[in-house]
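Here's the structure, in structure tokens; my notes come after.
The values are calculated or read from the model by the stated rules, or taken from the named source; none is laboratory data. If you're wondering where the values come from, they're calculated on a predicted model, not measured in any experiment. Neighbour counts are summed over all protein chains in view; Cβ atoms, including those assigned to glycine, are modelled from backbone coordinates with ideal geometry.
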Amino acid sequence: VTSRNILRSALASALALACAAHAASAAEPPEPVALVLGSTGIATAEGEIDSLDVDRYAVSLGAGELLFVALFAPAGGTLLDTRIAVSQAGTVVATDDDGGPRFLSRVALQAGAAGSYEIAITGFRDAGFTGAHPEGSGEAQAYTLVVGVDAPPLAAEAEPNDAAPNALAAAGGIVRGTLAQLDVDRFSLPVASGEGLAVSLFPLDAGGLPLASPGIGDPRLGLFAGSPAAPFAQNDDGGPGLFANAVAAAPGSPVEIAVTGFRDAGFAGVHAEGPFEYALVAAPLAEVALLCDVVPATGVVDSLDVAAIFAARNAPASGPDDPRDADGDGTITVLDASRCRLQCTHPGCTSAPRRACGLLGIEPLAVYGIFALLRRRRTRRLSEV
Amino acid sequence: VSKLWVLALGFLLAAAPAGAVSISFAPSSVSGVVGSEVSFDVVVSDLGSATLGSYDLDLSFDPAQLAFVSFDFGTLLGGPGASLQSASAAGGVVDLAEVSLLLPPDLEALQADSVVLGTVRFTVLAEGESDVTVTQSIVGDGLGAPLPVTSTGAVHVTGTPVPEPGSVALVGLGLALLGRGARRRRR
């Protein structure tokens, strides 16, 4: 009887696992999916994470080449909480859980040896990359994978580019920049109609190699289009540590990318950050629709957008691209508003980033200095008495 | 064998969506004199490890007996400033909706297994009995995923008649006569 029970339970477990694995892999291409790098070393891929699913991609690296991997959620994937591992010949060389925007992941490394490197994407609970995770169990969660590969030294920005931007290729690319105090680095690239752009900043060390930890740099990233250039997306701390990320549909071409200090919300160079090194990875995307950005569609999701979705609850969505229908079920509900609050660009769903402490952050020091002088004077007087 | 089953069950449970919740009212029956106000709390319970991030409920009532006055929102989804709130009534249906702007860890710190959504207030228009019931419900967790609702309660409302002015006057007169009689007897 016992052996029969063992057999039954083993069969039942195997069946459950097989069914789940089959459901997860039903619509997936054979893996690992080979990434084809463009002329500027950029490759992108659209994928979905289901429960029990691990997506695997392969990219060839030369010895010493730099690899930048970033995940974005262009289609309501903010609920997706991923984990990334990069491995070579079965050995994990880098892994990350929440280094990317929100709960998404990203990795930067220098290849120790030439060969094929595997990029595995899974749910954050699945530290063993076996697929044991419930992420995407309700519905598959979409993501955009951006991969950049280049040999060091990376092409460096050409200063001064505070006013006149450095031109990037239409296929995107990787640029090394140095942000100094009062400095704004600007880059521009042409985008096709309906295209989006994913831009990610990675911290570099003084030698131009990826930093294991984000360091102390705190840049702000802005995307501009039109004439005169108007911002359509910006981000402060969406990346690792205090670094920034931005992904948005471009309203016009060319797009200008501006990197400045986090206090400089106006991108006028009014900041005291730096100097620090960074790598800017820019990847054009075929189609990007920023969900939840409703009133007005500026690339910033805030409480006004959430309130508009809340007010429209129980109305049918205008179509599959309705930015209010965050869960894609065809009806605007309170759940869409709830999901969209997680898409908010700034903490607390505010419309603008919290004001920095003063213009250059030196005002508190000035106040402290005045108090210190007064105290010193008083002490002197007392000692004289 | 049991270990295998426990493992298989645990695995399946880990992949299952968040648990179901129930919606109830406290107290489950109220009564009031015609013209007065009655009130009761709306409660979401059995949250377990989930948090409550949003809800949209339709409460059906008898408009011949009750008139909606207000809904006093609770603070467990963040309260004013930290949540979007809406309460309105039309044609015998009260629509209550709220979305928290707080992030899941903040909601977790605020909430327990049961969350009082707020207090509904009605004016009793007529004597008689009727029920206030949940006719439609969407409940979402802190990440905006739907939480299945397994059961919904009801409130039994009883409207009692106002004492008539004539009766009050008769009672007063009776008392006055009794008082007068007693005074005479004493003399």
**OP:** Return the residue satisfying two criteria in turn: it lies in segment A:110-143 and is crowded, with 19+ Cβ neighbours inside 10 Å, more than 13 Å from chain B (Cβ to nearest Cβ) and under 19 Å from the mean Cα position of the chain (by Cα), and of such residues it is nearest to A:LEU154 (Cα to Cα).
**Re:** A:ILE119
Original post:
How many residues does segment A:47-61 contain that are within 14 Å of chain B (Cβ to nearest Cβ), within 17 Å of A:LEU71 (Cβ to Cβ) and not in a strand (DSSP E or B)?
Top reply: 2
Original post:
So how many residues does segment A:313-332 have that are within 20 Å of A:GLY136 (Cα to Cα) and within 9 Å of chain B (Cβ to nearest Cβ)?
Top reply: 2
**OP:** Tell me which residues, restricted to segment B:70-102, are of a type in the set (A, V, I, L, M, F, W, C), crowded, with 19+ Cβ neighbours inside 10 Å and within 12 Å of chain A (Cβ to nearest Cβ).
**Re:** B:LEU77, B:LEU84, B:LEU96, B:ALA97, B:VAL99, B:LEU101, B:LEU102
Original post:
Does A:VAL92 count as hydrophobic (A, V, I, L, M, F, W, C), in a strand (DSSP E or B) and either under 18 Å from the mean Cα position of the chain (by Cα) or modelled with pLDDT under 85 (or both)?
Top reply: no
Subject >> Number of positions in segment B:40-69 that are away from chain A (no Cβ under 12 Å), more than 23 Å from B:LEU110 (Cβ to Cβ) and in a strand (DSSP E or B) >> reply: 6
Original post:
Any idea which residue in segment A:296-312 is modelled with the lowest pLDDT, counting only those that are in a loop (DSSP other than H, G, I, E, B) and either in contact with a Pro (Cβ under 6 Å, 6 or more places away or on another chain) or within 14 Å of chain B (Cβ to nearest Cβ) (or both)?
Top reply: A:VAL301
Original post:
In segment B:152-176, what residues are at pLDDT 85 or above and surrounded by fewer than 13 Cβ atoms within 10 Å (Cβ to Cβ)?
Top reply: B:PRO161, B:LEU175, B:ALA176
Subject >> Selection within segment B:1-49 - surrounded by 15 or more Cβ atoms within 10 Å (Cβ to Cβ), β-branched (Val, Ile, Thr) and at pLDDT 50 or above >> reply: B:VAL21, B:ILE23, B:VAL30, B:VAL34, B:VAL38, B:VAL42, B:VAL43, B:VAL44
